[in-house]
Amino acid sequence: MILFTLRCAHGHEFEGWFRDGDGFEAQQKAGEIACPDCGNTSVEKAVMAPRLGRSRDTLPAISPAQFRAALVEMRRLDPHGIYGEASEEESRELTDEGISFGRVPWVSNPDS
């Protein structure tokens, strides 16, 4: 699959996924690609910046302990609470991942 940035004759830009470049060409010639803003089927590929991936050799080496310490620090800097339910197994997994949480004992609804 390939993602193209497209532009209609009226200048609207949008994205489209295609199996390959030939798939885009076939759909374009058949008038099967329409601008989502105006419906114009006169569509061309827009100029796009290439997405260049970095090789793994250029990534800094980081140990699992350093990665975990960075995650703990990030959580400390941006604490936020969520509400949810977790089974005993899920609670153990959260604890293993260093995620702190509280347990509220089940309270029956006094109105029921």
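Quick note: the coordinates plus some simple rules give every number you see, no bench work behind them. These numbers were taken from a predicted model, which means no experiment stands behind them. All Cβ positions, glycine included, derive from the backbone under ideal geometry; neighbour counts span all protein chains shown.
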Under-5 Å amide H pairs with Ala46, H placed in peptide plane, nonlocal only:
Thr5, Leu6, Arg7
Estimated distance in nm for a label pair at Met74 and Ile2, the labels positioned 7 Å out from Cα along Cα-to-Cβ:
3.3 nm
With the crude spin-label approximation of a point 7 Å out along Cα→Cβ, what separation in nm comes out for Ala34 versus Ile99?
4.3 nm
